[in-house]
Amino acid sequence: MYIILALTLHVSNSSNVAAQLPPGGFSSAVISTEYKEAVGLTFSKDGNDMFVWERTGKVWVVNNNQKQLLLDISPEVGSWHDHGMLGFALHPQFETNGFFYVLYVVDRHYLMTAGTASYKPATNEYFTATIGRLTQYTATKTGNIFSVDPASRKILIGQSRTTGIPILSKTHGVGTLLFGSDGTLLISTGDGASPSSADVGSASESYYSRALADGIITPLHDVGSLRSQMLESLNGKILRIDPLTGEGIASNPFYEPSNPNSVRSRIWALGLRNPFRVTLKPGTGSIDRIAANPGVLYVGDVGWNTWEEINVVTKPGMNFGWPIFEGLEAQEIYSNTKTSNPYTPNPLFLTNNCSQQYFTFQDLIKQTTASGVVSFKNPCDNSQSLPASVQTFIHSRPIIDWKHGTGPSRTGIFNGEAAAMINIGASGSPVTGPQFGGSSSTGGVFYTGNDFPPEYKNTYFHGDYGLGWIRNISLTGDDKPVSVKNFISTGASVVSMATHPTLGGLFYIHLGIDGAEIRRIYYGASRPPVPVATMDKFYGPSPLQVQFTGSNSTDPENSALTYEWNFGDGTAVSTLANPTHTFIAPAGIPAKYIITLKVTNNKGISAVNNTLFVSVNNTPQRLPSQAR
């Protein structure tokens with residue numbers, strides 16, 4: 001399934017607060033609705049700054065509830081369907097060097113014409129072949145104010161259309177940026193193939209022909225989703241690079257000393273379809289990049305027709321199987337559609353009637369076994385093993401998968417030597433919990449704070465965008481799931497999660513039909529206030545004077561509240577509890593304004609209500625939330 005554009009199909013209205021309820025004792029509060037297409041958030045090490053990025057190409061910094069624009073590269077970013085600026089990361093020494101990184105799809109018009117007389121900043125070219133790009137910038141902080149020197153821009157991946165991450169479809173492009181414990185930069189990428197068919201190359205609905213003409217891919221790479229299995233393609237991978245040079249790391253599994261910038265040199269893991277969000281398990285990894293241990297990575301990989309996955313990367317070179325495997329088992333169509341890997345010549349070709357010039361991708365990966373021993377035989381002579389020069393793989397299974405719709409949800413076991421699976425919660429299952437389904441495995445975050453009950457410490461929260469749930473997963477020290485619990489059952493269309501480095505809590509972005517909400521989950525006494533906003537009219541001709549009432553807002557601990565009204569028309573905010581505001585629009589031109597009330601208690605905890613809107617010069621349909 002898709003992630004971002006799926007919101008137009010099956011997500012709840014962003015004002016549907018009741019649908020996003022966590023368990024008893026917890027509270028959920030909207031802390032911001034100021035970002036229409038926010039897709040990620042993170043914090044500085046001290047927690048004083050929150051960074052929010054929008055897929056349109058903007059990065060914001062929030063300090064003391066004041067937001068400022070850090071970066072705007074929207075003319076360069078291709079923000080269409082699932083694409084845009086989806087990844088952002090701060091360098092581990094950001095406080096001293098100011099380095100930060102953005103990962104995005106490049107607008108094709110910009111890619112092809114920037115720097116020439118043909119370039120027009122207001123022109124976009126969407127739904128056609130382009131690339132993903134990784135770029136570094138340097139920020140300087142004076143007091144609480146950040147500035148970015150445009151001259152600090154440095155492209156690390158995608159300097160040209162032939163060196164970027166191929167984008168040949170409306171989805172499955174770029175994903176997450178994060179730093180390993182060893183200071184290496186990790187990048188997740190999608191397969192760049194068509195989601196509509198079994199794409200083994202030249203899928204009519206993909207942009208392959210334009211990509212071939214432009215050199216974005218070569219004819220050898222026209223294998224669709226199977227680029228995820230190709231060590232010569234950036235698609236469907238987790239890459240690991242030096243954040244200063246963009247070169248691969250010498251301890252990467254396929255590193256080529258003579259060419260550290262090669263695709264092989266940069267690959268850390270492969271066999272992924274759409275690894276939208278990746279998180280580092282706290283307390284794992286080495287500080288020495290030569291140790292080949294940047295830490296344990298938890299990956300939400302969005303499935304195709306049947307299964308969603310949570311994958312765990314614990315060592316170099318792991319292959320998660322896509323598209324030959326989906327979930328815990330073989331993907332029937334792809335596993336039976338034998339497709340040649342043109343980089344793996346068969347030495348038996350034209351001997352003893354062998355007509356297979358290259359090994360197929362299906363020849364090169366096998367399902368795991370209990371012993372981990374798998375044999376790879378030459379399809380032209382079963383008595384001969386594949387040559388040692390040909391890279392082979394054992395399928396690394398997800399720790400949990402779940403089926404589209406109502407499930408089932410499963411985990412992997414073995415039946416003797418053979419790989420098998422068992423439903424979560426079934427008799428004999430190593431994982432307890434209720435059954436569930438879904439349709440878009442987004443990703444998650446580990447909770448390490450102290451403000452939630454002790455049983456949540458060092459557990460993993462994971463979201464499914466399609467069905468809008470968040471679940472809590474307990475694991476063993478070696479990353480085997482023990483239990484899965486419901487946390488939020490529906491309505492949370494999550495595109496990013498985070499925890500605050502000092503305050504704890506669970507923060508997430510809900511991206512709904514009406515835009516993005518940044519929400520925070522609290523527990524116990526530190527509960528947020530409840531903003532209640534009403535008005536005496538919601539439509540009429542310009543100028544339209546409206547009386548707003550916020551004094552019915554409450555705080556669970558009866559503390560005093562402060563108010564901040566944003567009227568959505570570019571005028572100054574009001575700090576009155578019950579302000580009057582006049583909306584002015586050009587005569588005869590309908591205009592709609594979304595009104596936001598933010599209330600804050602004496603502990604500095606805020607919550608937002610954005611359920612009101614005013615229509616000027618128009619008579620809208622009355623919504624239930626505005627009926628009296």
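Just so it is clear, none of the values below were taken in a lab; they were calculated from the coordinates. Note that the structure is a prediction, hence the values are computed from the model and not measured. Cβ placement follows ideal geometry from the backbone for every residue including glycine, while neighbour counts extend to all protein chains displayed.
Worth pointing out:
- Over all pairs of different C-alpha atoms, the stretch 242-315 has a mean inverse distance whose reciprocal, the Kirkwood radius, equals 13.6 Å.
- Alpha-carbon Debye profile of the stretch 173-223, log10 I(q)/I(0) at 0.19, 0.27 Å⁻¹: -0.70, -1.00
- Compared with the direct C-alpha span, the chain from residue 261 to residue 415 gains 51.2 nm at full extension, assuming 0.36 nm per residue.
- Taking amide hydrogens as placed 1.01 Å from N in the peptide plane, the amide H of residue 385 sits under 5 Å from those of 378, each at least 5 positions away in sequence or on another chain.
- Distance histogram for the chain (every C-alpha pair counted, 20 angstrom bins, percent rounded to whole numbers): 19, 52, 25, 4, 0
- Between the alpha-carbon centres of the stretch 407-486 and the stretch 527-588 there is a gap of 42 Å.
- Förster radius 25 Å - calculated FRET efficiency between residue 21 and residue 427 (Cβ-Cβ, nearest 0.05): 0.20
- Highest average packing first - 593-602, 81-90, Cβ atoms within 10 Å: 81-90, 593-602
- For the stretch 355-370, backbone phi angles converted through the Karplus equation (6.51, -1.76, 1.60; θ = phi - 60°) give residue-by-residue couplings of 9, 8, 6, 10, 6, 7, 4, 5, 5, 9, 9, 10, 5, 5, 10, 4 Hz, Gly and Pro being listed as x.
- For the chain, calculated [θ]222 nm from helices alone, where every DSSP H run of n ≥ 4 adds -39500 (n - 2.57): -1000 deg cm²/dmol
- For the stretch 534-626, the mean projected area of the C-alpha convex hull, equal to one quarter of the hull surface, is 6.1 nm².
- Candidate lysines for bridging to residue 366, where Cα separation is under 17 Å - those fewer than 8 sequence places away on the same chain excluded: 338, 377
- Pairwise FRET efficiency - residue 45 versus residue 388, Cβ, R0 = 51 Å, nearest 0.05: 0.65
- With a cut-off of 11 Å between beta carbons, the residues surrounding residue 170 carry a summed charge of -2, where Lys and Arg count +1 and Asp and Glu -1.
- The stretch 72-85 - phi-based ³J(HN,Hα) in whole Hz, Karplus 6.51/-1.76/1.60, Gly and Pro as x: 9, 10, 4, x, 8, 8, x, 9, 8, 6, 7, 8, x, 8
- Cross-link reach list, lysines versus residue 67, counting only Cα pairs under 23 Å and skipping chain neighbours closer than eight places: 36, 45, 58, 141, 598, 603
- Stokes-Einstein D (µm²/s) once Rh is taken as the Kirkwood radius of the stretch 90-178 over alpha-carbon pairs, at 37 °C in 0.692 mPa s: 225 µm²/s
- With 0.36 nm allotted per residue and the present C-alpha distance subtracted, the residue 562-residue 435 stretch has 41.4 nm of extension available.
- In percent, rounded to a whole number, the relative contact order of the chain is 13, using alpha-carbon pairs under 8 Å and six or more apart.
- In whole percents, the pair-distance distribution calculated for the stretch 399-498 from its alpha-carbon pairs, binned every 5 Å from zero, is 3, 13, 22, 25, 20, 11, 5, 2, 0.
- Summarising the label geometry, the points placed 7 Å from Cα in the beta-carbon direction at residue 448 and residue 357 lie 5.2 nm from one another.
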